[in-house]
1. If packing is taken as the average number of other Cβ atoms within 10 Å across a peptide's residues, how do B:83-94, B:46-57 rank, most packed first?
2. Note down the net charge around A:Leu355, summing +1 for each Lys or Arg and -1 for each Asp or Glu among other residues with Cβ under 11 Å from its Cβ.
3. Can you give the average number of partner chain beta-carbon atoms within 10 Å of each beta-carbon in peptide B:155-164, as a whole number?
4. Can you give the three extents of the C-alpha atoms in the stretch A:1-119 along their principal axes, from longest to shortest, in whole Å?
5. If you place +1 on the Cβ of every Lys and Arg and -1 on the Cβ of every Asp and Glu, how big does the dipole about the Cα centre of the protein assembly as shown come out, in debye to the nearest 20?
6. When the helices in chain B are scored as -39500 (n - 2.57) per DSSP H run of 4 or longer and the sum is shared across all residues, what 222 nm value do you end up with, to the nearest 500 deg cm²/dmol?
7. Cut-off is 10 Å between beta-carbons; in what order do A:Cys230, B:Cys96 appear when sorted fewest neighbours first?
8. Sorted from fewest to most neighbouring beta carbons within 10 Å, what does the list A:Tyr242, B:Tyr38 look like?
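Rule-based calculations on the coordinates, nothing more; no lab input. Please read these numbers as outputs of a predicted model, since none were measured by experiment. Don't worry about glycine lacking a Cβ; one is built from the backbone with ideal geometry, like all the others, and counts go over all protein chains shown.
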Amino acid sequence: MGQARTLFDKVWDSHVIVTREDGESLLWVDRHFVHEGSHHAFRQVDARSMALAEPGLTFGVADHYVPTRNRPAIGNPEIAGMVERLSANAARHGFRLFGLEDPDQGIVHVVGPEQGLTLPGLLVVCGDSHTSTHGAMGAYAFGIGASEVAHVLMTQTLWQRKPKRMRIRIGGALAPGLSAKDLALHVIRTIGADGARGHALEYAGEAISALSMEGRLTLCNMSIEAGARCAMVAPDAVTFAYLRGRPLAPQGEAFERAEAAWRGLASDPDAEFDRDIALDAAAIVPLVTWGVSPEDALPIDARVPDPAEEADPARAAYLQQALDYMGLKAGMRLEDVTVDRVFIGSCTNARIEDLRAAASVLIGRKAAVPGLVSPGSSRVKAQAEREGLDRIFREAGLEWADSGCSMCVGMNGDLVGAGERCASTTNRNFRGRQGKDARTHLMSPAMVAAAAVTGRLTDLRKLAGG
Amino acid sequence: MERFTRLDALACPLGLANVDTDQLIPARFMSRPRSEGYGRFLLHDLRFGPEGEVLGFALDAPRHAGTTAIVARRNFGTGSSREAAVYALWDFGIRCVIAPSFGDIFASNAVKNGLLPAQVSPDDAESILALLDAAEVPRLVVDLESLRIAAGSRSFPFAIDAVRRLQLLNGWDDLDLTRRHIDEIAAYRARRVAEAPWILPG
């Protein structure tokens, strides 16, 4: 102690139960979120006839397989079985479930912060890679596999080796119409889809301070697409204001005491990072992905790559395979790419601010292609309806649906058809992610709305006043 | 957990970068019980067409029948935390993946199931891919004791976290290790709640 520490160091240190000679530490887990996909882990617990160590710190959320229409009916028995299995595990093991018919149901990475379950300084895990989202509150949050989920269920702890520390400072201000999604895509295309591998990432700088809580959640959410072990933003007045009064956050005097502790959760001025990168928000233009990795992002006014201009044969082959899958011609303008549908949703971009941004583009306009809007939580849905956003989406011709992971991963049957092209607010443009042979272009909610209006990838700055 | 010491493998070169876990096992198969075996779902949409026809992907070539190791380019296992990706590899018969880099969560999941993620330099990955393509029989030997991969007349070093290496060599189970610390866990919990009662959900 006495040594300058980063934000990550402080949260790490406060969770170490023991550190072995070999460097592995046993960490305490403050919040464990489970979902329908956690069934493999519950089977491991059952196989050992174990009880949950801390059902009070375990929270179930039905999101991956839930229908987004005609609730609570689920036509497909295999999908219904997944949702029912989570309910059965919650009842049997005695943990709180935000189930299909709960007014607080939603996507786990929206529900956690929204309920005040995710707090600064906590260690949060979930069997889902986008758990990095929760780091926006100043938590140490990361995705784990089924064996680790089972270990946390049985012990409320996890063995980890301390990751390296990396900071990305983003100065300057985003241009109007740009959002945290553009920041995230800019980071990923700059450092690569494995650029932050093995590192705990901290975002800092004036462009980060200027982000709303929703924007920070989007940025930390996408950090797994840069390979980061976790991502964090130091809690500040924006964080505290967001958390005050949340249903499961500390209340009254307990909140004041918590906030006093949270104020210490910032990197010391002379703390050292293993890597330190500086970026300029003012240099960023609206970005879209053209290929099959989130690192395949380009400014909307660019052309897709031409493998013939690539010197490295392995890289040229990669580009050609990506172009073939995406059905694009080498060197074509991104703005000439037509889309078949749009999707606004997911743990990345379906919070109230995202829906407002998309609606502000769609107001008074008609969508040229069909599309689905699935709010990040049932609470977000209710709020959007109070603000009249649902009407704007419906009048534009888009479908307004219930909350879940939906078309981001297609597990509930909300799929993009084979060969179809979708402008999407989601996080992964992997082959087959939104459906077998589906083609995904990632972008911000406002950019998806612009693509809906024109039926092609569109620079929303050109659409303004159009 | 099965121990991993040395693997005399038939190896399949996959010259692909960014093989994400959505490709390793598409989401639509993840509601199936493991007891059915996940091997047939491995890289399903690269291997099978709309009618289930075999597309001729490398893994299905007669030359690669009985493959127990695969070699790929950078960022293997990126993306979703789904451990089912490891189940698909394991049930197919794969015991080792060799690549210049791995998704962190994938690498952790792999080790917990006894599958070795062997990290080689990008140049060595290219050499191994080329050697396997050129070899009459695409064979290599992966030795976790010496951290070497032998392919033809050549030998390449590989890296893995020291603790993970020991876990694989010994077939250790995390839970057994954790149970030794049950008293420390209880003491930690009491201390943490006393110091910061607000950590408990309201």
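1. By packing density, highest mean first, the sequence is B:83-94, B:46-57.
2. With Lys, Arg at +1 and Asp, Glu at -1, the net is -3.
3. The shielding value for this peptide is 2.
4. Projected onto its principal axes, the Cα set of the stretch A:1-119 covers 59, 34, 20 Å.
5. Using only the charged Cβ atoms, the result is roughly 540 debye.
6. Computed ellipticity for chain B at 222 nm equals -9500 deg cm²/dmol.
7. Starting with the residue having the fewest Cβ neighbours, the order is B:Cys96, A:Cys230.
8. A:Tyr242, B:Tyr38
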